[in-house]
Amino acid sequence: MKMAKIIGSLVLLVMFWASCHLTGSVLLFLDIKSMIIVGGLLVGGVLFSSGVAIPVAALGKSFGSPTETSTAEYRQYLAFYNSASRLSIGAGVLGFIIGIVCVLAALNDPSKIGANLAVALLTVFYGIILSEFVIQPLKQALISNCADIAAGE
């Protein structure tokens with residue numbers, strides 16, 4: 001099972017890199033402002049809604065080997081992953097709105113429009129990538145590691 005995860009992760013990374021590279025340059029998809037918006041909103045939202053202990057324990061259960069977990073803990077960890085997934089999409093949408101407002105504010109200076117539009121689009125991109133290709137696989141790993149509880153749900 002571990003080998004399948006490693007191979008799957010490598011295929012995902014290679015295909016992501018290849019698809020970005022086909023557009024001209026992988027660097028086009030790197031924007032520090034967009035990363036800060038999405039990352040900051042996601043981390044802040046997770047800390048506000050779950051604190052520190054639940055995310056740390058949930059990540060430990062996702063990366064660790066199958067161990068005994070109570071039903072209440074399992075539900076908390078699933079709720080954390082569901083919340084984090086929604087927060088990452090929400091952070092992407094909020095970043096899009098911020099970027100579009102910046103585009104509209106820069107209509108008098110066309111040299112700033114491209115960079116602001118990149119923020120708008122890349123925040124949505126990062127939010128989706130985090131939700132669907134990071135958080136959801138971690139949630140599935142948790143479900144796999146707690147298969148006895150998941151079967152009863």
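The values are calculated or read from the model by the stated rules, or taken from the named source; none is laboratory data. Since we're looking at a predicted model, the values are computed, not measured. When the accessible area is computed, the model is the full protein with side chains, heavy atoms only, and any ligands, DNA or RNA have been set aside. Shrake-Rupley method; radii C 1.70, N 1.55, O 1.52, S 1.80 Å.
I'd like the projected area of the stretch 75-122, averaged over all directions, using the convex hull of its alpha carbons. Report it in nm² with one decimal.
Working: hull surface 12.3 nm².
That works out to 3.1 nm².
If I compute solvent accessible area with a 1.4 Å probe over the protein chains, what percent of it on the chain is carbon and sulfur?
Working: 6880 of 9150 Å².
Here carbon and sulfur together make up 75 percent of the probe-accessible area.
For the stretch 1-104, report the accessible area per residue in Å² (1.4 Å probe, heavy atoms, rounded to an integer).
Details: 6580 Å² over 104 residues.
Dividing the accessible area of the stretch 1-104 by its residue count gives 63 Å².
Given the stretch 34-85, what whole percent of its Cα pairs are spread farther than 16 Å?
Details: 564 of 1326 pairs.
Value for the stretch 34-85: 43 percent of Cα pairs lie more than 16 Å apart.
Rounded to whole Å and sorted largest first, what semi-axes of the equivalent ellipsoid does the C-alpha gyration tensor of the stretch 1-79 yield via the square root of 5 times each eigenvalue? Could you put the intermediate results ahead of the total?
On the way: eigenvalues 190, 94, 10 Å².
Listed largest to smallest, the semi-axes of the stretch 1-79 are 31, 22, 7 Å.
Using the eigenvalues of the Cα gyration tensor, what equivalent ellipsoid semi-axes result for the chain when each is taken as the square root of five times the eigenvalue, whole Å, largest first?
Values: eigenvalues 238, 78, 18 Å².
Result for the chain: semi-axes of 34, 20, 9 Å.
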